Amino acid sequence: MSSAVSSPAQHGRPTALYGGKAGTDRRVTVRDIAAAKQRGEKWPMLTAYDAMTARVFDEAGIPVLLVGDSAAMVVYGYDSTIPVTVDDLIPLTAAVVRGSRRAMVVADLPFGSYQTSVEEGLATAVRFLKETGAHAVKLEGGRRILPQVEAMVAAGIPVMGHLGLTPQSVNVFGGYRVQGRGEAGEQLMADAKALEAAGAFSLVLECVPADLAARVTASLSIPTIGIGAGDACDAQVLVWQDMAGLTPRTAKFVKKYADLATVLGDAARAFAEEVVAGAFPSPEHSYR
């Protein structure tokens, strides 16, 4: 039994997804995301992998945080998403949940944790919700993983789909290439509609032609989240290290909104120089 908490939306005043302050009465939910689609409201999503970064993004009003399998590269130093495991991602996801108060936290299911069988996929998704407090899961693929999506939704687990360039299939694609050109675009459209019918509450479109993403977005009642898919998608997502200028090499679709690599490098050098010169710690940074 749970107690209901009144919110502005319950009194006919819809709350914008972006810009809501952390510490409000409740988390963003799949109903809020569906309502934003109906209002034609665009919204941002960022990745997060630790509590401190999650707190910053949550307080900035970012409504959805994705604990992506991109952690394989930006946290663990691998050259693809393939090696990261469930046990690698569970503590990161739990940290993001603890560090945020308003944002919906979506857990990426890593390669090999759901493809083998429906039972395996459901068990993995259950682990993420029970052990981390995540509010939804994301998995890659179209019609081939519909049984897994249907089983998760039937079990009460919100599912975010992912089509186009699905990084877990990079070896099949022969590299990180634009997907959905020509006839492949019709296949992607069919996959998108199938995922919606299976109960997915949203859909990431990665590295697909902008006109195709626009057609998919217009044809679905669930929101699309673009990454390298043009401006017609309902939402946009970036890996936060790419967005903030920490990543040395990025894809064409990345816009850098800061240069944290330079800021951190300058800070490290200033610290080191003061240590070498004996200027740090000064009396004000020492105990008597």
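Rule-based calculations on the coordinates, nothing more; no lab input. Worth saying up front: this structure is predicted, and the values here are computed from it rather than measured. Cβ placement follows ideal geometry from the backbone for every residue including glycine, while neighbour counts extend to all protein chains displayed.
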Per its Cα gyration tensor (rounded if a/c is under 1.5, else prolate when a/b beats b/c, else oblate), the range 37-179 is best filed as rounded
Under the 7 Å Cα-to-Cβ spin-label approximation, residue 131 and residue 249 lie apart by a distance in nanometres of 3.3
With the dipole of the chain defined by +1 on each Lys or Arg Cβ and -1 on each Asp or Glu Cβ, the option from 168, 139, 43 whose Cα lies farthest towards the positive pole is 43
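In deg cm²/dmol and to the nearest 500, what is the mean residue ellipticity at 222 nm of the chain if only DSSP H runs of at least 4 residues count, each as -39500 (n - 2.57), divided by the residue total? Don't skip to the answer; put the middle values down first.
Values: 11 runs with 113 residues, N = 288.
Computed ellipticity for the chain at 222 nm equals -11500 deg cm²/dmol.
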Result: in the range 20-166 the number of Lys pairs with C-alpha under 21 Å apart, spaced 8 or more or on different chains, is 5
At q = 0.09, 0.12, 0.14 Å⁻¹, the log10 of I(q)/I(0) for the chain from a Debye sum over equal Cα scatterers comes to -0.45, -0.77, -1.02
The rounded separation in angstrom of the Cα centers of the range 210-284 and the range 41-105 is 13
For residue 56 and residue 266, extending 7 Å from Cα along the Cα-Cβ vector and measuring point to point gives, in nm, a value of 1.5
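Determine the relative contact order of the range 105-223: mean sequence separation of Cα pairs under 8 Å and six or more apart, normalised by residue count, in whole percent. Don't jump to the answer; show the numbers that get you there.
On the way: 189 pairs, mean separation 28.4, N = 119.
It comes to 24 percent, rounded to a whole number.
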In debye to the nearest 20, the charge dipole size for the chain, taken about the Cα centre with +1 at each Lys and Arg Cβ and -1 at each Asp and Glu Cβ, equals 720
Quick calc: nm separation of the 7 Å Cα→Cβ label points for residue 101 and residue 231 -> 3.5
Debye calc, one equal point scatterer per Cα of the range 175-288, no solvent, log10 I(q)/I(0) at q = 0.14, 0.16, 0.23 1/Å comes to -0.67, -0.79, -1.18
Placing +1 on each Lys and Arg Cβ and -1 on each Asp and Glu Cβ in the range 61-149, then taking the dipole about the Cα centre, the residue among 71, 96, 110 whose Cα reaches farthest towards the positive end is 96
